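The values are calculated or read from the model by the stated rules, or taken from the named source; none is laboratory data. Quick caveat, the model's predicted, so the values are computed rather than measured. Neighbour counts are summed over all protein chains in view; Cβ atoms, including those assigned to glycine, are modelled from backbone coordinates with ideal geometry.
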Amino acid sequence: MKVNKFPDRIIEIDNEDYLYFGGTAYLGLPTNTDFQNILIKNILQWGSSYGSSRSANIKLTAYEHGEHFLAKFIKAAAALTTSSGMLAGKLVIDTLNPQTDCFFNFPDTHTAIKTPNSIPFFIGTELNPRLLDDVQEKITILTDSFPSFQIKEIDLSALNLIPMNKEITLVVDESHSLGILGEKGCGIYSSINYPNITRKIMVSSLGKAFGLTGGVIASDSEFIKQITNNAIFVSSAGMNPAFAQTIADAEELYIQQNRKLKDNLDYLKEHLLQRNAFSFNPEYPIIYPEDENSAEIFACHKIIITNFKYPTAAKDLNRIVITANHNKDDLDKIIRVLNHS
């Protein structure tokens, strides 16, 4: 399907309007007029792009402002922006490689934080025995906050089973939880508190809930300093500075839109019937319908949902996405279809 404007709650296809329950603009910011005005103001100040290295002698304060806000918002000691979430993940892995004896990955970890030398955290339903041996070593554990096709936050309680002879670094991709979960949308980073974790690191795209092309890494100050000295970071251009400044200036909108999203989820919780035909968590704005023909079924009701082939999945991904911009009429329509599925 080809479209000629940003698909918000309405999408036009072949000159016909459909309701749109897809994408990843969870807070509805790309079409928010107040957000756009902040962004336009900052483009006028900072230009449309800045291709220089962040390590060059000219330092743009937009980055400092954006990163200070992100660290405070995520509740981390420090944060660093990058030009994409994918680059954020690759920078973290590249920096950790020489410091890590063994990588372990939870199931369905996103490509951004995958590394070829990683081994599964679980063997079947049991913890990988490699995690339980008596070898003294530094390990890095990789996971998404919400794996694909899942509507529940990742359960990290198995970390408690790992003995103290393992020095644990935990890397969490929060691309689908930042701006959504936690206090005012801060994500899950600040709530991860396991006594045997030596270091925790979050990475995230900013192009989803936060509505701006870019990525973020948040962790302790020492690790963020290591990232700034990484050859890939030094030789890369930064995030668009107008976008970085907009992050700092849009705090009230992030909180306001998070509240609207939660109100929409509360409305769904109140009116959706509990059925086996779909998976829904009232804390999370994604619904996974079970029927493989869901995209076609919803299209018959003038509703477009997300549908694509996910690289690591055996079947097509069908995903219904709720945003802060959906109104009660929109929600009533999706509720009617789901309750009769």
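All conditions in (1) touching a residue at least 24 places away in the same chain (Cβ under 8 Å); (2) closer than 30 Å to GLU290 by Cα hold for ILE168, with the sole exception of (2).
Return yes when ASN276 is of a type outside the set (Lys, Arg), closer than 28 Å to PHE106 by Cα and loosely packed, with under 12 Cβ neighbours inside 10 Å and no when it is not. Answer is yes for this residue.
Pull up the range 183-197, narrow it to residues that are of a type in the set (Ser, Thr, Tyr) and free of Cβ contacts under 8 Å to residues at least 60 places away in the same chain, then point me to the one that is farthest from GLN99 (Cα to Cα).
SER191
Return yes or no: is ILE297 of a type outside the set (Gly, Ala, Ser) and in contact (Cβ under 8 Å) with a residue 60 or more places away in the chain? Answer is no for this residue. With the structure loaded, tell me whether LEU161 is modelled with pLDDT of 95 or more, touching a strand residue (DSSP E or B) at 6+ places or on another chain (Cβ under 9 Å), surrounded by 19 or more Cβ atoms within 10 Å (Cβ to Cβ) and of a type in the set (A, V, I, L, M) or whether it fails that test. Taking the combined requirement at face value, the residue does not satisfy it. Here ILE322 meets the list (1) over 20 Å from ARG9 (Cα atoms); (2) touching a residue at least 40 places away in the same chain (Cβ under 8 Å) almost entirely, failing just condition (1).
Need at least 1 residues that are surrounded by 21 or more Cβ atoms within 10 Å (Cβ to Cβ) per element, so show me which strands (runs of 3 or more DSSP E) inside the range 38-150 make the cut, counting only ones lying wholly within it.
78-82, 102-105, 137-144
Restricted to the range 34-56, and to residues there that are aliphatic (A, V, I, L, M) and free of Cβ contacts under 8 Å to residues at least 12 places away in the same chain, the residue that is nearest to GLN257 (Cα to Cα) is ILE40. The residues on offer are ALA209, ALA244, and the sole one that is crowded, with 23+ Cβ neighbours inside 10 Å and in contact with a helix residue (DSSP H, G or I) (Cβ under 6 Å, 6 or more places away or on another chain) is ALA244.
Listed by position, the strands (runs of 3 or more DSSP E) contained in the range 211-323 that have at least 2 residues being out of contact with any Lys or Arg (no Cβ under 7 Å at 6 or more places or on another chain) and over 30 Å from LYS184 (Cβ atoms) are 303-309. For PRO30, the criteria (1) at pLDDT below 95; (2) closer than 17 Å to GLY214 by Cα hold in every case but one, which is (1). Restricting attention to the range 311-330 and to residues that are in contact with an Asp or Glu (Cβ under 8 Å, 6 or more places away or on another chain) and modelled with pLDDT under 95, the residue that is nearest to ILE255 (Cα to Cα) turns out to be ASN318.
Can we say SER204 is assigned by TED's automatic domain parsing to the domain that holds ASP133, in a loop (DSSP other than H, G, I, E, B), buried (at least 22 other Cβ atoms within 10 Å of the Cβ) and touching a strand residue (DSSP E or B) at 6+ places or on another chain (Cβ under 9 Å)? Answer is no for this residue. The selection criterion, being modelled with pLDDT under 95 and polar (S, T, N, Q), holds for SER55. Of all the criteria given as (1) modelled with pLDDT of 95 or more; (2) of a type in the set (Asp, Glu); (3) surrounded by 13 or more Cβ atoms within 10 Å (Cβ to Cβ), the one not satisfied by ASP291 is (1). Against the list (1) closer than 27 Å to GLY207 by Cα; (2) modelled with pLDDT of 95 or more, the condition LYS333 fails is (1).
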